[in-house]
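Okay, structure first, notes after.
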Amino acid sequence: MPNLNEQQLLAAWMEGELDDQQRQAFEQRCAQDEEFAQQVQMVNSTLLKAQDYQAAEVPNWDRASTFEQGEQTKWWQWSGFPALSTALSIFAVVLVFSGFEAQVENGQLTVSFNKNRSSDVQMIVDQRLAEFQQNQQLAMNAYAQSLREQQLDASTQLTNYLLASSRQERKEDFGELIKFINEQRSEDQIFYARQLNQLQQEIFDSANAQPWSGEASLPVTNE
Amino acid sequence: MFEKSDEHLIQKALSGNKRAWLNLIKRYEAQIYNYGIRMTGNNHDALDLMQEVFISVFRNLANYRGDGSFRGWLFKIAHYRCIEFYRRKKPHQGLEDSPEIESTEPSLEQVLAKSQHNHQLVEAMQRLPMSQKAVVELKFFGQFTFDEIAEQLGISSNTAKSQLYSALAKLKTFMEVEYA
């Protein structure tokens, strides 16, 4: 056994674990080391006091209050729920992967596994695709028809507009022309009336000046 | 009559048997109560501490694996609750610090008046730091080995021995001064 220091020696003595060599060392130290001897004496004294200790009586207290958490667990707190949940999840996964299928027809329940579902799925997918294609075709036709009608309407409206506008323009042009001609004619009439008046005046003047004395020369003016 | 084992009572208490739990309390309440008196120096605090200890024990009862004795496990919980209690009471004082000397409360005198020995030793223990007081308590009153004390307090066995050695020197001084 290795040599023990004071603390370990005292502890081994208190535990009753000293061998012969350590016991000799213990006794020797008790004889030589007064401080160590006082520690041993203190241990003995304390042990005696602890043995003589008169334990106090426990007053009456509410012992049942410490059981407050110990009430019967409610059914929703049943500890088996997690395990049950896991088992049901695994069962559901197995059903999915095994192709489980249940059918009720005429009061009979038919349960089947490993049904070839891929061909059914393919058939349904093909059917849906054909329906979709057909619907798309119909929609496309309707759209083209609608577009064509819209174009036709637009063309008709444009033609009508062009015809109406050109007719209006022609009507306005003819109106302007007639108006111009009427104005010209009116001016011409005024011009001729003035010419005639002037001529009449000259004739009258010359007749007064040289009545019937020869050939009257009529003045010709451009006015 | 044969006395039912702690483990048997624990199993019954865990299954909801209130009577088994009360029997278990009655088996250890005196030890825990007196532990509380010696650790707190006050019978009112000891009563509060005892209640906290048993509530904590019950809440953790399912975690008791039966590796060691139930009594050792019980005192380990008592120590943790005692430290919490101590920190609530004296939040600015460390476990290694020597407590401030306070006037003896009447309740302590009332409890300890029946034994001069009780009074002398427990009074001196109140002047020890918390860590040393725990070792003295468990060694002399709890009759635990140093390994068990080390396991309960979460320290090494050598530390427990060292703390007891220091505590003995202080106890000697305190008791000599007080009763010289």
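Within the set of pairs 6+ apart or on separate chains, which have a first residue in the range A:55-67 that is at the interface with chain B (Cβ under 7 Å from one of its Cβ atoms) and over 13 Å from B:Ala13 (Cα atoms), a second that is modelled with pLDDT of 85 or more and open to solvent by 40 Å² or more (accessible area, probe 1.4 Å), and C-beta atoms under 7 Å apart? Filtered contacts from the range A:55-67: A:Ala55/B:Ala30; A:Val58/B:Ala30; A:Pro59/B:Leu47; A:Trp61/B:Leu47; A:Trp61/B:Gln51; A:Arg63/B:Leu22.
Return the residues of the range A:55-78 that are open to solvent by 100 Å² or more (accessible area, probe 1.4 Å) and either among the β-branched types (Val, Ile, Thr) or at pLDDT below 85 (or both); say none if nothing qualifies. Break it down into steps so the answer makes sense when it comes.
Within the range A:55-78, the subset open to solvent by 100 Å² or more (accessible area, probe 1.4 Å) is A:57, A:60, A:69, A:71-72, A:75-78.
Those that are open to solvent by 100 Å² or more (accessible area, probe 1.4 Å) and either among the β-branched types (Val, Ile, Thr) or at pLDDT below 85 (or both): A:Gln69, A:Glu71, A:Gln72, A:Trp75, A:Trp76, A:Gln77, A:Trp78.
Here the range B:141-180 is the region considered, the condition is being charged (D, E, K, R) and surrounded by fewer than 21 Cβ atoms within 10 Å (Cβ to Cβ), and the residue that is farthest from A:Met14 (Cα to Cα) is B:Glu178. I'd like the full set of residues that are more than 10 Å from chain A (Cβ to nearest Cβ) and surrounded by 19 or more Cβ atoms within 10 Å (Cβ to Cβ), limited to the range B:43-62. Passing the criteria: B:Asp45, B:Leu49. Looking only at residues in the range A:39-54 that are open to solvent by 60 Å² or more (accessible area, probe 1.4 Å) and not charged (D, E, K, R), the one that is farthest from the other protein chains (Cβ to nearest Cβ) is A:Asn44. B:Thr40 meets the conditions (1) among the polar types (S, T, N, Q); (2) at the interface with another protein chain (Cβ under 10 Å from one of its Cβ atoms); (3) without any contact (Cβ under 8 Å) to a residue 60 or more places away in the chain in every case but one. The failed one is (2).
Any residue at all in the range B:118-129 that is within 11 Å of another protein chain (Cβ to nearest Cβ), in a helix (DSSP H, G or I), open to solvent by 40 Å² or more (accessible area, probe 1.4 Å) and in contact (Cβ under 8 Å) with a residue 24 or more places away in the chain? No - not one qualifying residue is present in the range B:118-129.
The values are calculated or read from the model by the stated rules, or taken from the named source; none is laboratory data. Only a predicted model underlies this, so the values are computations on that prediction, with no experimental measurement involved. Please note: Cβ atoms are built from the backbone with ideal geometry, for glycine as well, and neighbour counts cover all protein chains shown. SASA here: full protein model, heavy atoms, side chains in, ligands and nucleic acids out. Shrake-Rupley method; radii C 1.70, N 1.55, O 1.52, S 1.80 Å.
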